[in-house]
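Notes for the one structure printed next.
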Amino acid sequence: MAQKEESAAATAPTSQDGEDLENPEDPKKLKELAELPPFEIVTGERLPANFFKFQFRNVEYSSGRNKTFLCYVVEAQSKGGQVQASRGYLEDEHVAAHAEEAFFNTIMPAFDPALRYLVTWYVSSSPCAACADRIVRTLNKTKNLRLLLLAGRLFMWEEPEIQAALRKLKEAGCKLRVMKPQDFEYVWQNFVEQEEGESKAFEPWEDIQENFLYYEEKLADILK
């Protein structure tokens, strides 16, 4: 069963997909780490399957998962009722650049003030306090924006600062939910690279339902 908070940062080196390195003293692995681009924001339409399986897993402990993957759906509605939709994903490389901030800096500037926007985020973990503050500020000043945020895991949910930040998100009009197994399947089908020529079925991991129910209960307790 999922319990306790997510680690703020992994103490052991990690690879680009978040996996713990088996031998952190391996010169080859250390060279690979040194060559990683600093604070890069990665964008695209579909993320690699191994990234999804590791980063989105709603596990009890999340060592090595020190980045955020954010899959988004943007629905723009005109006054005439016509809806235009777009989707993609953002991934923050290293801990200094957060995917939530990147969405507002790279995707949102293209928004038309004359349109109404419904944005849905599927994030590997819920926002940190700083990102939650940015979301609140953006929602308060952008009246044509509605945000639905679905999180695979709750980030450091036992911390009072994080709990306060989640409550502020709700007060600002952000709809918060924990990802159900069906939501993970939706992300798998719509945001994950599939085998060429055919779509591979989503395979739920052990305890996916149990962990969802646990996090759902914790979020409800925080927001009540």
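Is it true that ILE162 is among the β-branched types (Val, Ile, Thr), assigned to a helix (DSSP H, G or I), open to solvent by less than 20 Å² (accessible area, probe 1.4 Å) and at negative phi?
Numbers: among the β-branched types (Val, Ile, Thr): yes; assigned to a helix (DSSP H, G or I): yes; open to solvent by less than 20 Å² (accessible area, probe 1.4 Å): yes; at negative phi: yes.
Answer is yes for this residue.
Could you list, in sequence order, the residues of the stretch 117-133 that are of a type in the set (D, E, K, R) and modelled with pLDDT under 95?
Residues satisfying the conditions do not exist here.
Output the residue which, of all residues in the stretch 105-125 that are in contact (Cβ under 8 Å) with a residue 60 or more places away in the chain and of a type outside the set (Phe, Trp, Tyr), is surrounded by the fewest Cβ atoms within 10 Å (Cβ to Cβ). Break it down into steps so the answer makes sense when it comes.
From the stretch 105-125, those in contact (Cβ under 8 Å) with a residue 60 or more places away in the chain are 106, 122, 124-125; that's our starting set.
The next check asks that each one be of a type outside the set (Phe, Trp, Tyr); those that pass are 106, 124-125.
Working: THR106: 13, SER124: 28, SER125: 23.
Out of the qualifying residues, it is THR106.
Residues to consider are ARG153, ARG146; find the one that is surrounded by fewer than 18 Cβ atoms within 10 Å (Cβ to Cβ), at pLDDT 90 or above, in contact with a helix residue (DSSP H, G or I) (Cβ under 9 Å, 6 or more places away or on another chain) and charged (D, E, K, R).
Within the list ARG153, ARG146, the selection yields ARG146.
Of these, LYS200, LYS218, which one is open to solvent by 40 Å² or more (accessible area, probe 1.4 Å) and either in a loop (DSSP other than H, G, I, E, B) or farther than 20 Å from ASN58 by Cβ (or both)?
It is LYS200.
Mind checking which residues of the stretch 105-150 are of a type in the set (Gly, Ala, Ser) and touching a Phe, Trp or Tyr at 6+ places or on another chain (Cβ under 8 Å)?
Scanning the stretch 105-150 gives SER124, SER125, SER126.
Go through (1) under 16 Å from TYR122 (Cβ atoms); (2) modelled with pLDDT of 95 or more; (3) not polar (S, T, N, Q); (4) not in a helix (DSSP H, G or I) one by one and return the number of the condition GLY173 breaks.
(1)
Just give me the residues in the stretch 71-96 being touching a strand residue (DSSP E or B) at 6+ places or on another chain (Cβ under 6 Å) and open to solvent by 20 Å² or more (accessible area, probe 1.4 Å), in sequence order.
Hits for the stretch 71-96 are TYR72, GLU75, GLN77, VAL83, GLN84, ALA85, SER86, ARG87.
Since PHE184 meets every condition but one in (1) out of contact with any Gly (no Cβ under 8 Å at 6 or more places or on another chain); (2) closer than 22 Å to GLU75 by Cβ, which condition does it not meet?
Just one mismatch for PHE184, condition (1).
Name the pairs whose Cβ atoms lie under 7 Å apart, with the first residue in the stretch 75-96 and modelled with pLDDT under 80, the second open to solvent by 40 Å² or more (accessible area, probe 1.4 Å) and of a type in the set (S, T, N, Q), and 6 or more positions between them or separate chains?
VAL95/ASN66
Anything in the stretch 172-193 that is open to solvent by less than 70 Å² (accessible area, probe 1.4 Å) and in contact with a helix residue (DSSP H, G or I) (Cβ under 8 Å, 6 or more places away or on another chain)? List them, or say none.
Correct list: ALA172, GLY173, CYS174, LEU176, VAL178, MET179, PRO181, PHE184, VAL187, TRP188, PHE191, VAL192.
How many of the residues making up the stretch 137-165 are closer than 12 Å to LYS218 by Cα and touching a Cys at 6+ places or on another chain (Cβ under 9 Å)?
Looking only at that region, the number is 2.
This table checks each residue for (1) in contact with a Gly (Cβ under 9 Å, 6 or more places away or on another chain); (2) assigned to a loop (DSSP other than H, G, I, E, B).
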position	(1), (2)
TYR72	yes, no
ALA76	no, no
GLY80	no, yes
ALA102	no, no
TYR117	no, no
PRO127	no, yes
THR138	no, no
ARG146	yes, no
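The values are calculated or read from the model by the stated rules, or taken from the named source; none is laboratory data. Since the structure is predicted, the reported quantities are computational estimates derived from the model, not experimental observations. Cβ coordinates were reconstructed from backbone atoms using ideal geometry, including for glycine residues, and neighbour counts include every protein chain displayed. What goes into the accessible areas is simple: the full protein's heavy atoms, side chains included, and nothing from ligands, DNA or RNA. Shrake-Rupley method; radii C 1.70, N 1.55, O 1.52, S 1.80 Å.
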